[in-house]
Amino acid sequence: MLLITVITQELLTLKLFKQFIIIIALSFIGELLHALIPFPIPASIYGILLLFMLLERKVLRLDDVNEVSSFLIFIMPLLFVPAAVGLIDAWDELRASLTAYVTIIVAVTLIVMVATGLITQWFLRHSRKSV
């Protein structure tokens, strides 16, 4: 029984390692594309688009990245801590333009909310017509 438990644990570890390597490899390819293509698109977007295309074309299955993706989403708030500390360190420089930053953040948030709502309504209307 102990041997089966150990083997099961080792297989799970290898599966998670494989999934993590897939995500890291796609991120690395995204970095390469960012260096080679002269568009102002972040490397992470290239990697995410590549992952999406591979999943959409069924080159990768969702099971190939599911557990590690769920784990990375789970720890995502922890990944924002260094950025928050950087903002605290730069507080003196930010304080001078705080009103402008807050105004821009509120305005852009409202624009994104309105645009998302309008686009969603458009898709819902057009999907009902085709059914």
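The values are calculated or read from the model by the stated rules, or taken from the named source; none is laboratory data. Remember, it's a predicted structure, so these values are computed and weren't measured experimentally. With ideal geometry, Cβ positions are generated from the backbone for all residues, glycine too; neighbour counts draw on all protein chains shown. Surface accessibility is based on the protein's heavy atoms, side chains included, excluding ligands, DNA and RNA. Shrake-Rupley method; radii C 1.70, N 1.55, O 1.52, S 1.80 Å.
So here's what we get for this one:
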{"read-out": "Gaussian network model of the chain, springs between alpha carbon atoms under 10 Å - residue of Leu60, Leu26, Leu118 with greatest fluctuation", "value": "Leu118"}
{"read-out": "Region 71-131: C-alpha gyration tensor shape, a/c 1.5 cut-off, then a/b vs b/c", "value": "oblate"}
{"read-out": "Extension gain, Leu14 back to Tyr101 (0.36 nm per residue minus Cα-Cα distance, nm)", "value": "26.8 nm"}
{"read-out": "Fully extended contour minus Cα-Cα distance, from Ala35 to Leu110, at 0.36 nm per residue", "value": "23.7 nm"}
{"read-out": "Simple label model, 7 Å out from Cα along Cβ direction - Phe74 to Leu124, nm", "value": "3.3"}
{"read-out": "Surface accessible to a 1.4 Å probe, per residue, for the residues of region 52-131, Å²", "value": "89"}
{"read-out": "Extent along principal axes [Cα atoms of region 1-121; Å; largest to smallest]", "value": "64, 36, 35"}
{"read-out": "Acute angle (nearest 10 degrees) that the helix 43-56 long axis makes with the longest principal axis of the chain, alpha-carbon atoms", "value": "50"}
{"read-out": "Virtual spin-label span in nm between Leu49 and Ala25, 7 Å along Cα→Cβ", "value": "2.1"}
{"read-out": "Karplus (6.51, -1.76, 1.60) ³J(HN,Hα), θ = phi - 60°, over region 118-127, in Hz, Gly and Pro reported as x", "value": "5, 5, 5, 4, 4, 5, 5, 4, 6, 6"}
{"read-out": "Within the accessible area of the chain (1.4 Å probe), percent carbon and sulfur", "value": "77"}
